[in-house]
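Undergrad: Starting off with a structure, shown below.
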Amino acid sequence: DMMSKKRPTTFAKEGKSLADYQIGTNGLLFSPQGGLRASINDLVKIAQVLMGYHGILRADTIENMRQIVWHHKNLSVQDGGEDGSFQAFGTGIHHLLKDDNCPIIGLKSDMLGHYGEAYGLLGGLWFESKSQKGFIYFINGSLENPPKGRTGLFAIEEQIMQAACEDLELVVK
């Protein structure tokens, strides 16, 4: 019986209920921070779509999403995120640029993807479009934040990203 099962927590104005929701309007009511509830397997599917597999999105849509629309160097103050760790954005896609601000030292080619952070979880989905190589990581949280790294990310994230790119031969040795 569906009514006896625990329902997802929703954020709604006082006096409103899930029954008041109209499909196609703001879905924040159903969301954790950022709005995405996904497993690593779900993120693999998203990466494959963004790499052009599955035909869910047209090739020109994917290309438009990949175009940089915001770059921290175009601003007088680097204000990418609260800590300056964001380098560039497309439409919903982050860009890791092979420069000194990149969390991956010696990156051969820019990467596309997205960071994830919510309720102690740290994560990321990153791929290099030419080679079609990429990685996904999830890190469990703790009561205390881990030490910061050199780019504004946590050091553990930088270490995982570096190791993944070394294993995938995406960095200059």
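Undergrad: Could you tell me the calculated FRET efficiency between Ala155 and Ile40, based on Cβ-Cβ distance and R0 = 30 angstrom, to the nearest 0.05? Don't skip to the end; give the middle numbers.
TA: Values: r = 22 Å, r/R0 = 0.73.
That pair, Ala155 with Ile40, gives E of 0.85.
Undergrad: Simple spin-label model, 7 Å along Cα-to-Cβ: Met51 to Thr91 in nm?
TA: Output for this residue pair reads 2.3 nm.
Undergrad: On the accessible surface of region 132-173, probed at 1.4 Å, how many percent belong to carbon and sulfur atoms? Display every interim value, and only then the final one.
TA: Values: 1400 of 2620 Å².
Whole-percent figure for carbon plus sulfur exposure: 53.
Undergrad: So how do 53-66, 129-142, 146-159, 102-115 stack up, highest first, on mean other-Cβ count within 10 Å? Don't skip to the answer; put the middle values down first.
TA: Numbers: 53-66: 12.0, 129-142: 14.9, 146-159: 16.6, 102-115: 18.9.
Sorting 53-66, 129-142, 146-159, 102-115 by mean packing, highest first, produces 102-115, 146-159, 129-142, 53-66.
Undergrad: Here is a follow-up. Quick one: which residues, 5+ away or cross-chain, put their amide H under 5 Å from the amide H of Leu107? H built at 1.01 Å from N.
TA: When sequence neighbours closer than 5 places are left aside, the close amide H contacts are Val172.
The values are calculated or read from the model by the stated rules, or taken from the named source; none is laboratory data. From a predicted model like this one, the values you see are computed outputs, not experimental measurements. Ideal geometry is used to build each Cβ from the backbone, glycine not excepted, and the neighbour counts take in all protein chains shown. Side chains are part of the model used for accessible areas, which takes the heavy atoms of the whole protein and leaves out ligands, DNA and RNA. Shrake-Rupley method; radii C 1.70, N 1.55, O 1.52, S 1.80 Å.
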